[in-house]
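What follows is a short report on a single structure.
Coordinate-derived values only; no laboratory data. Predicted model, so just to flag it, every value in this text is computed and none were measured. Quick reminder, even Gly has a Cβ in these numbers, built from the backbone with ideal geometry, and neighbours come from all protein chains shown.
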Protein chains: 2
Amino acid sequence: MQPGKTGRRRFLKESAALAGLTVGTIGSASGQAPQKAESDGEDFRAYGSHSRFENPRRKPSGMDPEHPGGGTGSGASLTPLQDSIGIITPSSLHFVVSRFRNAPPDLDPQEHRLLIHGLVDRPLIFTLAELKRLPSVSRIHFLECAGNGSPVERRNAKTVQETHGWTSCSEWTGVPLSVLLTEAGLQKAASWIVAESADAGKHAKSIPLEKAMDDVLVAYAQNGEAVRPEQGYPLRLVVPGWEGVNNVKWLRRIKLVDQPYMTHSETTQYPSIRPILEGKALWFNFEMEPKSVITFPSGGHRLPGRGFYEITGLAWSGRSAIRSVEVSVDGGKTWKHAELQAPVLRMAHTRFRFAWNWDGEEAVLQSRCTDEKGVQPTLTALAKIWGVNPDYFNTTLNRINHFNPIQPWNVTRDGSVLNGLF
Amino acid sequence: MQPGKTGRRRFLKESAALAGLTVGTIGSASGQAPQKAESDGEDFRAYGSHSRFENPRRKPSGMDPEHPGGGTGSGASLTPLQDSIGIITPSSLHFVVSRFRNAPPDLDPQEHRLLIHGLVDRPLIFTLAELKRLPSVSRIHFLECAGNGSPVERRNAKTVQETHGWTSCSEWTGVPLSVLLTEAGLQKAASWIVAESADAGKHAKSIPLEKAMDDVLVAYAQNGEAVRPEQGYPLRLVVPGWEGVNNVKWLRRIKLVDQPYMTHSETTQYPSIRPILEGKALWFNFEMEPKSVITFPSGGHRLPGRGFYEITGLAWSGRSAIRSVEVSVDGGKTWKHAELQAPVLRMAHTRFRFAWNWDGEEAVLQSRCTDEKGVQPTLTALAKIWGVNPDYFNTTLNRINHFNPIQPWNVTRDGSVLNGLF
C-alpha cells in the first residue's frame, strides 16, 4: 500500500513545501559536505549491537513485583513503542511477562526435552535437534498480554510504552504443533491440550485441540536466530492471535486431555469478571480483539513547532488481518483513512501512516482499526458491550483484560503530548 | 504457501513415521516432564541478547585485508547462512563490506547532516530529526555484495557462509529519496546522482536518476531500530535489488549531476571484465541476477544418519520477486518444486523448504530459482552467457562479480556435506 509517487508529490505541494519544517537551504552548491568523520569507532564485531548514541530500553511495568495480581514474583518489561519503526520488534526489545520469577530459566538445549503424552497412541519425547529436522514454517505474528493497557495501569500511564507496551511482533519459526500431534496419534477423547513450561512455577495453559491443530507453532527461532531466553529459549508455543498467556515459554510438556485443566494462571489471572455476566466469570476469552494506537506522536513526545508531521502507529487483531485504519486529528469529529504498510499480514502488527499539518492549536489524535469482524470501539462503546457505565473503567481496581478502546493523545499548544483516555 | 494439513499428514506417513529420526517413545504417560530447570539465569534485561548456549557469529572473509582487490584496508564480515532461519537476518549478523577502514565511522546523529545539491533548484541540508519528520516507508529487502560467491574465494570455501555470506535481508525504514529530490527541485540536466559516505575514504557511487526517483530509500532504521553502525548509522541509501556498493552507508551527500562520476569504487572494483566484451569493461551492471542456495544441509554440516530431513535455503533476485524454486537431490537429473514461505516479496530473501528422505547413499543437492525474467543458470550455462569456457571460472584469479551459478552440495556416505561447485 505504498503510495504512488504522484500522491507523494501532490501531498508535499499541498503542505506548502514542508511548511513549518525547518529545512536549511544554502545559496550555492559548494560541493563541500557538512560533516566528515574524524574518528572511527569499534571494530566490526562478530555479533553487532546498536550505536553508542542510541539507548533503546524495555521498561519494567508498574506491576508491584510483590503483588502482581496472583503470581509470585512476576516480572513484566515493556516494549518502547514510542520509538517503534516498521512492524518487526527487535528481539532485544520484545516485551516480557513472566510469572513466578524475574529471570528466565537457564535451559541447556542439549538437555532440554519436549514430552507429548496423555490421550495419544504413541507418547513421544523430542530433543531440540530432532525437532529441528522436522518440517518447519516461519510466520510474522504479534504477541500480546491480555492485560495490555488495563485501566489500573493505563490511568497513570504517560507514554505508549506504558499504555500499550505489552505487545511485540516477530518472525517466528518452528514446527507446526499439528505435525507433532499427528505423529503422536490423537485418541478420540482428546479435545484439549495442556502446555507446560520448565520455569520454576511450571506455568501451564489449557488450549482447545482445534486451535492446537490449526496454526500453533512449537517455535525455536525468532527473527532469524534462536528464541531469546526471555521469550522461552529454547522452545515456546506460538498461538497466533490469542492471549499472550497461551504462548507457553520454556515449553517442556504437552499433554492431550479431555477437558481444560483450570491451571493456576487461567483461574487466577485471566478470567474476565464483567458486571454483564451477573456474577459469573468468563473463563476463556482467547482471541485478542482489534486494537490500534498512534506511536508517534504519543505521550511524552514534544512537537517542536507547527507544520508537517507524519502520524504513525500500529494496528493488530487476533481474529484476522487488519482491513483499515482511520485517524482523527480533531477529537473524533472526522476520520480519514491512513496508509497501511504492505504486506498486511494476519495476526501481525500492521504499520499505518497519516500525513498531518499541525496548526499549533490544541488537538486530539486518535486511531481506530477495523478487522474482518468489526471496528475498535470507543471507551463508551466498549462500556456498552460490557454492560457497564463508562465510569466503571475510570474507577475499577480490578485488572481488566481485553481492554481495547481507542486511545486519544492530547496535543497542547506547547507541543506536549498527553494521555487523553481518562 | 504454507502447506495444508492434509499434505503434512500424508507426507509424514509416506516417510514411514519419520524413518531414521530417532524419536524416543515412552511406554506410558507418566505425567512427569523430562526436565525441570534447576537454576535461573540473568535478570530480564532492558536490552536483551541471545542465550549463553548460542554463539552466532559473523566471519571475516578470506579477503586479504592488506590487498582486498583495490581498496585500502577493506573489511568484510559474512552472515552465518548455515544457521539462517526465516527471511529476516538479525541486524547483529548482517554482512558487512567496507572499503578503506575496518571499523565504522563514529557519527553523532545530532551533528550529522545530509546535503542535497548540484543540479537542483534549492540545495538542502537535513538534520536527522528533520528527515524523521518526513513521510516514511518500510520495506523488506535483501542487500548483496556484487562479489558474493566470486570464484576466487568460492573455490576454497567450505561453508555457505563462505560461499554466499555477502547477503542479508532486513526491514528497512526511511524517507523515499524521491521525496527529498522533489523537494530540492530537479533541474532538467540532472540525470544521475552521486551519493557520498562520511567514512574516511569518502566512498561514493553514481546512480541513474530514474532509479533514484523510483524505489530508493534514505534509511535510518533497520529491523525496528536505528541502522547499526556497520550498516551506515545514522543514514544509508537502500537501493533495492542493485549491487551492494550502491547502498551508500554513512550517507552525507547526494549531488545531482548530468553523468556518472566514475568514482574510485566504480572504476576499480565493480566493472565487469568479460572475454565476450572483447577487451572492453562493462562499467555498470546494477541489478543482481536470480540466485539461490541451500543453507541446510550445506558445507560443514554433518547428517547424523539416513532418514527424513527438511532441505531449506534462500532465493532472491534484484530484478523482481522469486516465482519458483526447484530442488534436485540427484545431481540435477530431476527437479521438483520447493515450498516458498509467504509472503514472497520483491527484492527480498525468499525462504524455500523441501522434504527429503536420505537413503544414506551419496547425493548432490542443488537449488535453482526463477524470477520474472528467467532461471538461475548452471555453471556451464553461465559460461555460455559470458562467452567463456567453463574452465575459466575454475582458473581465473580475477574477482568476478554477478556470479550466480547453481551451487551443488555433495553429501557423502558418512553424512559430510562438501562444496561441490568446483
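An ellipsoid equivalent to segment B:210-340, defined through the eigenvalues of its Cα gyration tensor, has semi-axes of 35, 22, 14 Å when rounded to whole angstrom and sorted largest first. Charges were assigned to the Cβ only: +1 to each Lys and Arg, -1 to each Asp and Glu. The resulting dipole of segment A:266-422 about its Cα centre is roughly 220 debye.
Looking at segment B:337-422, the GluC sites (Glu not before Pro) that sit in a DSSP loop and have at most 13 other Cβ atoms within 10 Å of their own Cβ are B:Glu361, B:Glu362, B:Glu372.
Going by a ≥ b ≥ c, the root eigenvalues of the Cα gyration tensor, does segment A:69-171 fall in the rounded group (a/c under 1.5), the prolate group (a/b larger than b/c) or the oblate group?
Numbers: a/c = 2.46, a/b = 1.74, b/c = 1.41.
Prolate is the answer for segment A:69-171, as a/c is 1.5 or above and a/b outweighs b/c.
Classify segment B:280-422 as rounded, prolate or oblate from the Cα gyration tensor: take a ≥ b ≥ c as the square roots of its eigenvalues, call it rounded if a/c is under 1.5, otherwise prolate when a/b beats b/c and oblate if not. Verdict is oblate for segment B:280-422. Our summary gives segment B:155-257 a relative contact order of 31 percent, counting only alpha carbon pairs under 8 angstrom and 6 or more residues apart. Distance between the 7 Å Cα→Cβ label points at B:Arg155 and B:Ser416: 2.1 nm.
If R0 is 45 Å, the Cβ-Cβ spacing of B:Arg306 and A:Lys59 corresponds to a FRET efficiency of close to 0.30.
Which value in nm describes the separation of the simple spin-label points at A:Arg52 and B:Trp283, placed 7 Å from the Cα toward the beta carbon? So the label points at A:Arg52 and B:Trp283 sit 4.1 nm apart.
In terms of overall dimensions, the C-alpha atoms belonging to segment B:151-282 reach 49, 42, 28 Å along their principal axes, ordered largest to smallest. Based on alpha carbons, the Rg and Dmax found for segment B:316-361 are 12.7, 38 Å.
For segment B:190-250, what does the alpha-carbon gyration tensor say about shape, rounded, prolate or oblate, given a ≥ b ≥ c as the root eigenvalues, a/c under 1.5 as rounded, and a/b over b/c as prolate?
Oblate, because a/c is 1.5 or more while a/b does not exceed b/c.
The charge dipole of segment A:140-253, taken about the Cα centre with unit charges on the Cβ atoms of Lys, Arg (+1) and Asp, Glu (-1), comes to about 320 debye, rounded to the nearest 20.
Between their Cα atoms, which of A:Lys202/A:Lys373; B:Lys59/B:Lys249; B:Lys211/B:Lys291; A:Lys132/A:Lys211; A:Lys211/B:Lys59 are more than 30 Å away from each other? Show your work: numbers first, answer last.
Working: A:Lys202/A:Lys373 35 Å; B:Lys59/B:Lys249 20 Å; B:Lys211/B:Lys291 22 Å; A:Lys132/A:Lys211 22 Å; A:Lys211/B:Lys59 42 Å.
Flagged as over cut-off: A:Lys202/A:Lys373; A:Lys211/B:Lys59.
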